[in-house]
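The values are calculated or read from the model by the stated rules, or taken from the named source; none is laboratory data. Only a predicted model underlies this, so the values are computations on that prediction, with no experimental measurement involved. Cβ placement follows ideal geometry from the backbone for every residue including glycine, while neighbour counts extend to all protein chains displayed. Just the protein is used for accessible areas: all its heavy atoms, side chains included, with ligands, DNA and RNA removed. Shrake-Rupley method; radii C 1.70, N 1.55, O 1.52, S 1.80 Å.
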Number of protein chains: 2
Amino acid sequence: MKPVNLKKLAQELNLSIATVSRALNDRYDISQPTKDRVRALANKLNYEPNHHASSLRRNKSKTIGVVIPEVDNHFFSLAIKGIEEVARRNNYHVLIYLSHEDYQRELAVMRLLASGRVDGVLLSVASESQDFAHLDLLRERGIPVVLFDRVYAGKDMPKVTTDDYESGYRATQHLLEAGCRVIAHLTIAHTLSISQRRMQGYQAALQQFRVPYDEELVVCEAAGKPQSASLPQTLLTQRPDIDGIFAAVESLAMSSYEACHNLGLRIPKDVKIIGFSNLKTASLLAPPLTTITQPAYEIGKEAASVLFQAVVKNRLVSAAQSKELKSELIVRASTASTTLSSKEPVALALALGR
Amino acid sequence: MKPVNLKKLAQELNLSIATVSRALNDRYDISQPTKDRVRALANKLNYEPNHHASSLRRNKSKTIGVVIPEVDNHFFSLAIKGIEEVARRNNYHVLIYLSHEDYQRELAVMRLLASGRVDGVLLSVASESQDFAHLDLLRERGIPVVLFDRVYAGKDMPKVTTDDYESGYRATQHLLEAGCRVIAHLTIAHTLSISQRRMQGYQAALQQFRVPYDEELVVCEAAGKPQSASLPQTLLTQRPDIDGIFAAVESLAMSSYEACHNLGLRIPKDVKIIGFSNLKTASLLAPPLTTITQPAYEIGKEAASVLFQAVVKNRLVSAAQSKELKSELIVRASTASTTLSSKEPVALALALGR
DNA sequence: ATTAATTACGTAAACGTTTCCGGAGATTAA
DNA sequence: TTAATCTCCGGAAACGTTTACGTAATTAAT
């Protein structure tokens, strides 16, 4: 109720406010005895400096903003964990904002953040976003921005991503080697460079195996979520010849599983599925899902580290600071080659047949 | 680089700083033409008020703090989603802190938050926490705190929880009705009221079915994580007579699955498993997991709503504002009664047998 | 002993905003 | 005409902190 601030401490100790402040900040021109006295009382009264006053004066908020499309998703929640970890180590605070894949929300948030509320921003852009002028808004104000995973290629800013082209290539290659020849590619907004690169990997692998590229097999999830759940199902009914699915995001892999259940398709016998995913339970699924797993936690840590390099130096950073981490292909039963073993598919078929 | 603040706007418009401020805040004593002029320029120059100056002056930060044990967990990430939603609607910002189940971290965070950085706090306590004096710290400063899910019963503060006793009862009852007689209960820190209530429900159901309570069957996950993964496995080897597992948290349900895999135990034939969980993929597991699912998103929304009632009224709230939401029992194959069908367990056994 | 350097602290301005107080000018009432 | 009211705006203080500058007292240098 009654705040304990520098004035209070100063009165109690018969010192000036300035001296108390400098003692707490461990400045050189304060004697050790005084420092001890001040700290003792500060501790006793549970003094905590007023963050807003301090931020206002220093023009430094000790806070970063994190803007992501969603949080109920293992990739982003792990990324947050990494970000929080690095922030805490630097004595920084983390503000979180969800764009819900909505460009307008993303824009509104960026506007808010342009007023000195944060010292830096980590952004993973919404799938809807096509205009990136809001990034300049922060730039003009001298607030460094680091993009991660869902990046925008056009701007000269640091980006932390994974090897999406290679991952897309390896995923498709894996399906091809398992015998698939009609491989669907389920993806999100193709305006995202991340989607484009995965797609390019997909195409390159097809070409390598002399499998013709079929536009009909590439389906893009629209921003409006409702139909996306049934997206794999409609595709699978339209094209019963599909024998492999490469899902560029976790949710599409899951709805592919559901679609196969509903349509009575057996995984991996009828359709093999591989998907980008950070699901901890991938190995417990029926059947266990082959995944491309991004190092989400490390991405978060890396992105935050790059940002802090900029924040402490108090200057903007360029694309030169960008990093690319490697994703991991984890082979499980959902892409098991049906020619290898005959026993296993039967069991799986039975398990799924109910 | 060059900030656009009230002074700048005032100079440009030949007005005083006070007038510009009042115009932007839509005060009654500013003429409409002036308001229009001010707003036009503010818009043109992308003016955003300095949050720290404003917070300092108004003694209101328009920010709440959220302190949770972890984020890579569907329950908490969904809760955050709900919290962010309500916060955004009230034009509030959300600071996030992870305690990592560590009391010291939780304490440190609460200390930081006691300095007027936030207008309110949402807390789900770490499993390690036994001392709750840090809650008083905020209370003394007049900062309202709302506990959710992992609450502490001892304090007179609002709590948003689920019907943990009933859920524990129903979960155990469900296993008993499915034929289980030796039911293990895997839980976390028993200092948490949430664990105690689930446990009480467990005991009550046992009593109702005249099954003796066996202390050995109740295992509590320690704070140090490493051994918790193998916790179900050691229990299942020590007590091969176990025919049912009730996991009070998602992670323990998952490690129970893994333990059964490793030990060659068939679910649900040898062991039936039910667990608290918000896994979206519960129905895709092998076998699909019967869950007690908490309305995590709603809990987040509700907790935030209660907090905002306190924040806008600028006063502390009491336990009277507490809410209890209902969890849902979702029956799936992991607790299927083995006497019902003979075909299904065979398939599942085969599927798991590899 | 006088001056210069050093130590340890106080004074006051500044950060950008909000708000109390007041005041000039216009309008109305008497 | 004078007084009262109202409308619209400016001056200045305040929020709690940091920091440039100043200064008295002590120590070192000459």
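Of interest is the spacing of the C-alpha centroids, which for the range B:111-189 and the range B:15-67 amounts to 39 Å. The alpha-carbon of A:LYS269 sits under 18 angstrom from the alpha-carbons of these aspartates and glutamates, leaving out residues fewer than 8 places away in its chain: A:GLU177, A:ASP241, A:ASP243, A:GLU258, A:GLU344. In loop segments of the range B:126-214 as defined by DSSP, the trypsin sites (Lys or Arg not before Pro) with at most 12 further C-beta atoms inside 10 Å of their C-beta are B:ARG210.
Between copies, the label points of A:ALA133, set 7 Å from Cα on the Cα→Cβ line, lie 5.6 nm apart, reported in increasing order to one decimal in nanometres. Rg and Dmax over the alpha-carbon atoms of the protein assembly as shown stand at 28.0, 87 Å.
I want to verify the translational diffusion coefficient of the range A:6-49 in µm²/s; compute it with Stokes-Einstein, Rh as the Kirkwood radius over Cα pairs, at 20 °C and 1.002 mPa s. Walk me through the intermediate numbers first.
Numbers: Rh = 10.0 Å.
The calculation lands on 215 µm²/s.
Taking each of A:LYS62/A:LYS159; B:LYS7/B:LYS313; A:LYS44/B:LYS159; A:LYS159/A:LYS313; B:LYS81/B:LYS159; B:LYS81/B:LYS326 in turn, the alpha-carbon distance tops 24 angstrom for B:LYS7/B:LYS313; A:LYS44/B:LYS159. Charging the Cβ of each Asp and Glu at -1 and of each Lys and Arg at +1, and nothing else, the dipole of chain B about its Cα centre rounds to 1820 debye.
Compute the Cα gyration tensor for the range B:1-127, then decide on rounded, prolate or oblate, letting a ≥ b ≥ c be the square roots of its eigenvalues: rounded whenever a/c is under 1.5, prolate when a/b is larger than b/c in the other cases, and oblate in all that remain. Verdict is prolate for the range B:1-127.
Please compute how much accessible surface disappears when A pairs with B, both sides summed, using a 1.4 Å probe, and round it to the nearest 100 Å².
Interface area, both chains combined: 5700 Å², rounded to the nearest 100.
Label-to-label distances for A:LYS313 across copies, nearest first, come out at 5.2 nm, using points 7 Å from Cα in the beta-carbon direction. The mean count of C-beta atoms from other chains within 10 Å of the C-beta of residues in B:38-47, rounded to a whole number, is 1.
Take A:ASN262, push a point 7 Å out from Cα through the beta-carbon direction, and compare it with the same point in every other copy: 3.8 nm, smallest first. For the protein assembly as shown, the share of accessible area belonging to carbon and sulfur comes to 49 percent (1.4 Å probe, ligands and nucleic acids excluded). Helical content alone sets the calculated 222 nm signal of chain B at -13500 deg cm²/dmol, taking -39,500 (n - 2.57) per DSSP H segment of four or more residues and averaging over every residue. Of interest is the spacing of the C-alpha centroids, which for the range A:258-298 and the range A:302-336 amounts to 25 Å. The residues of the range B:276-291 listed by number as losing at least 50 Å² of accessible area in the complex, against the isolated chain and with a 1.4 Å probe, are B:THR281, B:LEU284. Distant-in-sequence amide contacts of A:SER61, defined by a placed amide H-H separation under 5 Å and a gap of 5 or more residues or a different chain, comprise A:ASP119. Scanning residues 5 or more positions from A:LEU325 or on other chains, those with amide H under 5 Å from its amide H are A:THR161, A:THR162, A:ASP163, with H placed 1.01 Å from N in the peptide plane.
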